[in-house]
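This report concerns only the one structure given below.
Rule-based calculations on the coordinates, nothing more; no lab input. Keep in mind the model is a prediction, meaning the values are calculated, not measured. Methodologically, a virtual Cβ is constructed for each residue, glycine included, from the backbone with ideal geometry; neighbour enumeration extends over all protein chains shown.
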Amino acid sequence: MKVESITLHRIGMPLVRPFETSFGRETARDVLLVQVRTDTGDGWGECVAGSTPSYSSEYVDGCAHVIENHLAPLLFGASPLSATDLERLFAPVVGHRMAKAALEAAVLDAELRASGTSFARYLGAVRSEVDCGVSVGISPSINELLTEVQGYVDAGYRRIKLKIKPGWDCEPVRQVRELIGADVALQVDANTAYSRDDIAHLGQLDAYDLLLIEQPFDEEDIASHIALARAITTPVCLDESIVSVGVAVDAIERGATSIINIKPGRVGGYLPAVAIHDACVERHIPVWCGGMLETGIGRAMNVALAALPGFTLLGDTSASNRYYAEDITEPFVLSNGRLAVPTGPGSGVTVRVDLIRQWATEQSRHLS
Ligand code: OSB
Ligand code: MG
């Protein structure tokens, strides 16, 4: 396959409700989409970076810049090319995994569409539908949080994840546990908002039968996660820290994490994501698929990934209407708490280019 051109589209998608985490509040998703044109057909990928470098060092402007100036020239220079070559091809560019992942997704989509293979089949999915959880942002009040959570439980979500930060942790967790009862799974995500001095405080969360606590400390601070894992009974799960299979294996072996949140964007793509999955399966570490408020493009691919055998915990792969009133692909609809894994070639979804034009926040950039 040969990549002939790349078009970068940037769109703004209003969220159905603001999403607040310990690092900020978003009311709309600023999305960079990558469309590749190849000699065998088109493919689409989605960049998961946010508008500001708050979740990670990557952000939309930076991703667009590194794609245009550093990654695209490597792609145009390589022929023939397969998605499996990209990790090596992009190796001269250090980091920038979300930018690399967006291109990898688009190349993979083009390649799989051309061969008539679905993402699910190619990645090794073993399920035709996946059980879904939902990530619930920090609320203006506990009452509003309880109303929102009840709505998700009524909609059929089988696992609730609460965003926490200092000042918004034990009490909301206690009240949500009381609301949903013992049968609905509950977990929390701090997005690095705590420090090692908070270990005793976080230990109070052990009272609420949580499935896991996600990323309480800094991305680089593996040592504090080890200390926490030794001090509390709630399993520690890493998100931001896990940027590669090497880091994943190291964090597991050192006892920093006993569960891993896999996000393809964070680790450089779907193929690295599968490699982390495989390493975790080998070590009996359960994994689940995280989310970055994806549009239907990224969601389709994430749902396929979540159907792999090691994804034994429910992911943040929620239905499209949890995020957007209208999506740029056909929506993913929750049925019995599950989403169907797409079966068509590539991502299996059709991109609505009319909406991409309508919601564009910048002129699209054509690279060749
Ligand atoms: O930490 O998992 C996270 C959203 C944006 C950035 C980071 C995270 C999240 C979520 C939402 O928790 C997951 C989703 O529903 O897509
Ligand atoms: Mg997280």
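Annotation note: chymotrypsin sites (Phe, Trp or Tyr not before Pro) in the range 130-206 located in DSSP loop regions with a Cβ neighbour count of at most 14 within 10 Å are absent.
Compute the relative contact order of the chain as a whole-number percentage, counting only Cα pairs closer than 8 Å that sit 6 or more residues apart in sequence. The normalised contact order for the chain reaches 23 percent.
Taking other Cβ atoms within 10 Å as a rough exposure proxy, 292, 98 sort from fewest to most as 292, 98. Dipole check for the range 120-340: with +1 at the C-beta of Lys and Arg, -1 at the C-beta of Asp and Glu, and the Cα centre as origin, the magnitude is about 460 Debye.
If the segment from residue 68 to residue 278 were pulled out straight at 0.36 nm per residue, it would be longer than the present Cα-Cα gap by 72.4 nm. For the peptides 12-22, 46-56, 274-284, the ranking by packing is 46-56, 274-284, 12-22, with the highest mean count of neighbouring Cβ atoms within 10 Å listed first. Backbone geometry of the range 9-16 corresponds, through the Karplus equation with coefficients 6.51, -1.76 and 1.60 at θ = phi - 60°, to 3J(HN,Hα) couplings of 10, 10, 10, x, 10, x, 7, 5 Hz, x marking Gly and Pro.
Residues in the range 340-346 carry Karplus couplings, in order, of 6, 7, x, 10, x, x, x Hz; the curve used is 6.51 cos²θ - 1.76 cosθ + 1.60 with θ = phi - 60°, and Gly or Pro positions show x.
Per residue, the chain reaches -9000 deg cm²/dmol at 222 nm when only DSSP H runs of four or more residues are counted, each adding -39500 (n - 2.57). Net charge in the neighbourhood of residue 305 (other residues with Cβ under 13 Å of its Cβ; Lys, Arg +1, Asp, Glu -1) is +1.
Taking other C-beta atoms within 10 angstrom as a stand-in for reagent exposure, 97, 338, 357 fall in the order 357, 338, 97, fewest first.
Backbone amide hydrogens, once placed in the peptide plane, bring residue 186 within less than 5 Å of 160, 211, excluding anything fewer than 5 places away on its chain.
Near residue 122, once Lys and Arg are set to +1 and Asp and Glu to -1 for all other residues with Cβ below 14 Å from its Cβ, the sum equals -1.
For the range 159-220, the convex hull spanned by the alpha carbon atoms encloses 70 Å³ per residue.
Residues whose amide H lies under 5 Å from that of residue 15, counting only those 5 or more places away or on a different chain, are 28, 29; hydrogens are built 1.01 Å from N in the peptide plane.
Count Lys and Arg as plus one, Asp and Glu as minus one, and take only other residues whose Cβ is under 10 Å from that of residue 236; the net charge is then 0. For the chain, the share of DSSP beta bridges that are antiparallel, to the nearest 5, is 60%. Remark: the residue 85-residue 150 segment gains 18.8 nm on full extension, using 0.36 nm per residue and subtracting the alpha carbon distance.
The ranking of 285, 199, 160 from fewest to most other beta carbons within 10 Å of each one's beta carbon is 199, 285, 160.
Sorted into 10 angstrom bins from 0, the C-alpha pair distances of the chain split as 5, 26, 35, 24, 8, 1 percent. For the pair residue 361 and residue 171, label points projected 7 Å from Cα toward Cβ lie 3.4 nm apart.
Close amide H pairs (under 5 Å, H built 1.01 Å from N) link residue 5 with 37, residues at least 5 positions away or on another chain. Extension gain, residue 76 to residue 321: 0.36 nm times the residue separation minus the Cα-Cα distance gives 84.5 nm. Under a straight-distance cross-link criterion of Cα-Cα below 26 Å, which lysines are reachable from residue 2, leaving out those fewer than 8 residues away in the same chain? The reachable lysines, counting only those whose Cα sits under 26 Å from residue 2, are 100.
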